[in-house]
Amino acid sequence: MEKELELYLHIPFCVQKCAYCDFLSAPSDEAQRIRYMDALVKEIGGYRKKYHDDYRITTIFIGGGTPSLLEENQIADLFHALQQTFQIEQDAEITIEANPGTVTEEKLAAWKSVGINRLSIGLQSVNDAELKLLGRIHTYEEFLETYRTARAQGFENINIDLISAVPGQTVGSWSHTLTSIAGLGPEHISAYSLIIEEGTPFYDYYGECRKDGSGTARDCASADMPGLPDEDTERKIYEMTADLLAGYGYKRYEISNYAKEGFACRHNLGYWERKQYLGIGLGASSLIGHQRYHNTADLETYIYKVQKKEEIREDIEELSLSDEIEEHMFLGLRKTEGISVQGFMETFGKSIFDIYGKELEKLKSEGLLEVTADAVRLTERGIDVSNTVFVEFLDPVTD
């Protein structure tokens, strides 16, 4: 029987690095992109013998970086390789990430022609001042042009990425962003809270300011760099998101993701449900069977080794039963429907109550988990402190 498999393809190029971004991406020139895409196609072709007969592809996600930088012929070559290598289901969800300022009618038509049926547009804010501060290359008006053009080209499944708690943001400005985007009626909205990551320009400013003794990054304001929202503002921003989007018909199905009925992202649900996925391209991660690994993250090494048919996988980890149960809890509890008690038993051959009975009872008594005979899920309060909840499920005793 053929097994389900998801594909992730990484395009590590962008026009410029955003101030908050710690993803594996960087600006590039045309020659570099051509060399990389040649290697990517070659990597794909190398998987035919292993994956063509025994697996069927249910979702494909082309992420980055900015995949919408690619030319139409590069996308065509990419999908020709995918179709020659894998059995792709007729109704597979196929997503490409796109940034305003890099999308044209011609590209949208080319994407449709190869079977791409879902767009994920990186907007982040409707406020041009916030966009500039974040390092985005586009304005809100340019986003609107991209969105309208995509609709005109027949795309009926569009996600819009937003970021809250950005420097200088207020409850009012976030509310304006949410209502403006929800009013457009995209099928899916991802609303993430800003995290100041090491190795980013934001960390260089806010992180260093904190180290210099100001106390918190929220105090680090200047004429050019506003402070981050205080904790009270950040909480109000967080709490209003689900309520406001619910009024527009969006159901929260994961901590940071909202969708209209029938439009939850199948690819991301696969991650949270620990389905098998194959990562293709620079630094891409994979979960195949009980093994997790990622490709080399050095661009020149990646291109050289693919061309020479040398091993590109690194940090290959054999997952123990305890590892897999931990991941099942951490990822499954991100979903608002939580973890199926029966599904846990079917997956691991053990009862979730036998392994985590004390932890479940403790978290339930604290109002952080809802525990029934059918499912275990976070309460609203539990979502607020989800990382604290997840810690309780480390190192399960499986004997």
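Structural remarks
- Rg in Å to one decimal, and Dmax rounded to a whole Å, for segment 216-296 via C-alpha atoms: 18.9, 52
- Residue of 127, 99, 157 that the Gaussian network model of the chain assigns the largest fluctuation, springs spanning Cα pairs under 10 Å: 127
- Working from Cα pairs under 8 Å separated by at least six residues, relative contact order for the chain is 14 percent.
- Proximal lysines to residue 42, defined as alpha-carbon separation beneath 24 angstrom and excluding residues fewer than eight positions away on the same chain: 3, 50, 107, 112, 305, 308, 309
- Prolate is the label for segment 63-108. Its Cα gyration tensor axes, ordered a ≥ b ≥ c, give a/c of at least 1.5 and a/b above b/c.
- Taking amide H atoms as placed 1.01 Å from N in the peptide plane, the amide H of residue 197 lies under 5 Å from those of 203, each 5 or more residues away in sequence or on another chain.
- Reach of residue 132 by Cα under 20 Å, taken over lysines that are not fewer than 8 positions away in the same chain: 17
- Its alpha carbons considered, segment 277-349 gives a radius of gyration followed by a Dmax of 16.0, 47 Å.
- The local environment of residue 152, defined by Cβ-Cβ distances under 14 Å, has a net charge of 0 under the rule Lys, Arg +1 and Asp, Glu -1.
- Taken over the chain, the percentage of Cα pairs per 10 Å bin, counting from 0 up to the bin with the maximum distance, is 4, 20, 29, 29, 15, 2, 0.
- Build a GNM of the chain with springs between Cα atoms under 10 Å apart, and of 331, 282, 321 the one that fluctuates most is 321.
- Dimensionless Rg over Rh [segment 31-132; C-alpha; Kirkwood]: 1.02
- Three-way shape label, segment 337-376, alpha-carbon gyration tensor, a/c 1.5: oblate
- With every protein chain in place, the chain: carbon and sulfur % of accessible area (1.4 Å): 48
- Estimated Rh, segment 240-399: Kirkwood, alpha-carbon pairs, angstrom: 17.7
- Between segment 153-180 and segment 28-68, the C-alpha centres lie 30 angstrom from each other.
- For segment 65-195: rounded, prolate or oblate by the Cα gyration tensor [a/c cutoff 1.5]: prolate
- Theoretical FRET efficiency, 1/(1+(r/R0)^6), r = Cβ-Cβ of residue 26 and residue 379, R0 35 Å, to 0.05: 0.30
- Residue-normalised accessible area of the chain, given per residue in Å² at a 1.4 Å probe: 46
The values are calculated or read from the model by the stated rules, or taken from the named source; none is laboratory data. As the structure is a computational prediction, the values presented were derived from the model and not from experiment. Note that we place each Cβ from the backbone using ideal geometry, even for glycine, and neighbour counts take in every protein chain shown. Protein only, heavy atoms only, side chains kept; ligands, DNA and RNA dropped before computing areas. Shrake-Rupley method; radii C 1.70, N 1.55, O 1.52, S 1.80 Å.
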